[in-house]
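The values are calculated or read from the model by the stated rules, or taken from the named source; none is laboratory data. If you're wondering where the values come from, they're calculated on a predicted model, not measured in any experiment. Please note: Cβ atoms are built from the backbone with ideal geometry, for glycine as well, and neighbour counts cover all protein chains shown. We work out accessible area using only protein heavy atoms, side chains counted, and drop any ligands, DNA or RNA first. Shrake-Rupley method; radii C 1.70, N 1.55, O 1.52, S 1.80 Å.
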Amino acid sequence: MATTVFASPATYVQGNGVLFQSAPYLHQLGDRLLIMGGQTVFRLLGAQFFTYLKDQGFTFQEVEFQGEASEAEINRITTIGQEFQANVIVGLGGGKTLDSAKAIADNLGCKVAILPTLASTDAPCSRLSVIYHEDGSFANYRFYSHNPDLVLVDTKVIAQAPARYFASGIADALATNVEAQAVHQAAGKTMLDAQQTQVGLAIAERCEATLFAYGEMALSAVANQTSSQAVEKIIEANTLMSGVGFESGGLSAAHAIHNGLSALTGRIHEMTHGEKVAFGTLTQLMLEGADQTRFEKYLKLMLALGLPTTFKAVGIDDPSEANLLKVGELACATGDTMDRMPFKVTPADVADAMRAADAYSRAYQEK
């Protein structure tokens, strides 16, 4: 019998204001915190959060994350953590900060607390990191033996972040079930190097249903920097359901195409992770031969959320055959997840599917 594995963070906490109720959870992990976050996050939240931690009796050191989840940056902060003798790494910020925090904690053999300030990716809950070269191109996935010890999501903080990032999180989550269903059809391996569990696939399906039911309502609230029950549901879908769903359900073409897009230069690197995944999802649907009704279901939601669905919108200024084949070659490279599709996909197939997704989206919008 095939081995099935289900994984999740040890503790997941979500609610309005929980960042400043985090001490009991952090105390369970340790007392010497290395807090890493970007310049913007520290400017907006740092002073208040650091005062709170001091009042709660923590010893901590803050370190500014330089923006790229690269081996060089991970090694730099690992050295700081060693010198400080940190027993907990606290990642405060977006996807690349959080992926780097997991890698640093793994290097140091200590606990990791993930405190997202955006609901922009499904990175927080997983036991893997996406590692990039210093130029922003995809390098590899890095896997760990367990998921984060704590994921704590303050919905008040996330509702006040730019709506673009919230929409990007919905786009990233929208790929979850599309990819998991492909892995299911292929009887393929998940990101845990095991067969799917029924619960992993069920979570992916529930994630997608939540996005279609509440996505537009939630984005409208966040655009006005307010929370609502719809926002709470979408944050859970973007963060927990998508994170657990992609890991225990599996990735296939959409994220491989996202990684392939990093082979290009220009405006594509100004796009968020989720915005590139959105175009990857449409491309996967074309690869699968999705009918018009199914394709338009995803396309309509993406357009309503302001997500890029064409070459121009996603920042591909030169969709030449050579450039699209570069994307296809990297997307189909050994070690990525294109081989989890239920049929063989070549770089030329990827290029054709990208062109088809772009053409149909343009035609649909011109109606």
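Does ALA331 satisfy the criteria of being open to solvent by less than 10 Å² (accessible area, probe 1.4 Å) and in contact with a helix residue (DSSP H, G or I) (Cβ under 7 Å, 6 or more places away or on another chain)?
Yes; evaluated as a whole, the condition is true for this residue.
Say we look at the range 134-158 and pick out the residues that are over 19 Å from LEU118 (Cα atoms) and in contact with a helix residue (DSSP H, G or I) (Cβ under 7 Å, 6 or more places away or on another chain); which of these is surrounded by the fewest Cβ atoms within 10 Å (Cβ to Cβ)?
Only one residue tops the list, namely GLU134.
Consider ALA182 carefully, then state whether it is assigned to a loop (DSSP other than H, G, I, E, B), of a type outside the set (Ser, Thr, Tyr) and either buried (at least 24 other Cβ atoms within 10 Å of the Cβ) or modelled with pLDDT of 95 or more (or both).
For ALA182, the condition - assigned to a loop (DSSP other than H, G, I, E, B), of a type outside the set (Ser, Thr, Tyr) and either buried (at least 24 other Cβ atoms within 10 Å of the Cβ) or modelled with pLDDT of 95 or more (or both) - is not met.
Looking at this structure, is LEU303 modelled with pLDDT of 95 or more, under 20 Å from ASN259 (Cβ atoms) and not hydroxyl-bearing (Ser, Thr, Tyr)?
no
Considering only residues that are small (Gly, Ala, Ser), without any contact (Cβ under 8 Å) to a residue 40 or more places away in the chain and out of contact with any Lys or Arg (no Cβ under 8 Å at 6 or more places or on another chain), which ones fall in the range 102-150?
Selection gives GLY109 alone.
So which residues in the range 195-215 are touching a residue at least 24 places away in the same chain (Cβ under 8 Å) and not aliphatic (A, V, I, L, M), if there are any at all?
Selection gives GLN195, GLN196, THR197, GLY200, GLU205, ARG206, CYS207, GLU208, THR210, PHE212, GLY215.
Considering only the range 165-178, I want to know if a residue exists there that is among the hydroxyl-bearing types (Ser, Thr, Tyr), surrounded by 18 or more Cβ atoms within 10 Å (Cβ to Cβ) and either out of contact with any His (no Cβ under 9 Å at 6 or more places or on another chain) or within 19 Å of PRO9 (Cβ to Cβ) (or both).
yes
Out of (1) open to solvent by 20 Å² or more (accessible area, probe 1.4 Å); (2) touching a Phe, Trp or Tyr at 6+ places or on another chain (Cβ under 8 Å), what's the single condition that is false for PHE49?
Of the numbered conditions (1) open to solvent by 20 Å² or more (accessible area, probe 1.4 Å); (2) touching a Phe, Trp or Tyr at 6+ places or on another chain (Cβ under 8 Å), the odd one out for PHE49 is (1).
Looking only at the range 79-96, which residues are open to solvent by 10 Å² or more (accessible area, probe 1.4 Å) and part of a helix (DSSP H, G or I)? Steps first, please.
Let us first name the residues in the range 79-96 that are open to solvent by 10 Å² or more (accessible area, probe 1.4 Å), namely 79-80, 82-87, 94-96.
Residues satisfying the conditions are THR79, ILE80, GLN82, GLU83, PHE84, GLY95, LYS96.
Look at ALA161 and say whether it is more than 14 Å from ILE114 (Cβ to Cβ), of a type in the set (A, V, I, L, M) and open to solvent by less than 30 Å² (accessible area, probe 1.4 Å).
Yes; evaluated as a whole, the condition is true for this residue.
Kindly check whether there is at least one residue in the range 58-74 that is among the aromatic types (Phe, Trp, Tyr), at pLDDT 95 or above and buried (at least 22 other Cβ atoms within 10 Å of the Cβ).
Checking the range 58-74: at least one residue is among the aromatic types (Phe, Trp, Tyr), at pLDDT 95 or above and buried (at least 22 other Cβ atoms within 10 Å of the Cβ).
Given the options VAL130, VAL153, VAL112, name the one that is aliphatic (A, V, I, L, M), in a strand (DSSP E or B) and under 23 Å from PHE212 (Cα atoms).
Within the list VAL130, VAL153, VAL112, the selection yields VAL153.
Answer yes or no: is there a residue in the range 204-220 that is part of a helix (DSSP H, G or I), closer than 24 Å to GLY17 by Cα and basic (Lys, Arg).
No.
Need pairs with beta-carbon distance below 6 Å; first residue under 17 Å from THR283 (Cβ atoms) and open to solvent by 10 Å² or more (accessible area, probe 1.4 Å) and within the range 235-263, second of a type in the set (Lys, Arg) and assigned to a helix (DSSP H, G or I); sequence gap 6+ or separate chains.
If the second residue must be of a type in the set (Lys, Arg) and assigned to a helix (DSSP H, G or I), the pairs left are ALA263/LYS326.
Pick from ALA357, ALA353, ALA322: which is free of Cβ contacts under 8 Å to residues at least 60 places away in the same chain, assigned to a helix (DSSP H, G or I) and not acidic (Asp, Glu)?
Sole residue among the options that is free of Cβ contacts under 8 Å to residues at least 60 places away in the same chain, assigned to a helix (DSSP H, G or I) and not acidic (Asp, Glu): ALA322.
Quickly run through the range 146-181 and pick out the residues that are over 18 Å from the mean Cα position of the chain (by Cα) and under 12 Å from ALA204 (Cα atoms).
Once the filter is applied, which keeps residues that are over 18 Å from the mean Cα position of the chain (by Cα) and under 12 Å from ALA204 (Cα atoms), the range 146-181 yields only GLN181.
Can you list residue pairs whose Cβ atoms sit under 6 Å apart, with the first residue in the range 33-45 being in a helix (DSSP H, G or I) and the second being among the small types (Gly, Ala, Ser) and buried (at least 18 other Cβ atoms within 10 Å of the Cβ)? Count only pairs 6 or more apart in sequence or on different chains.
From residues that are in a helix (DSSP H, G or I), the pairs are VAL41/GLY93.
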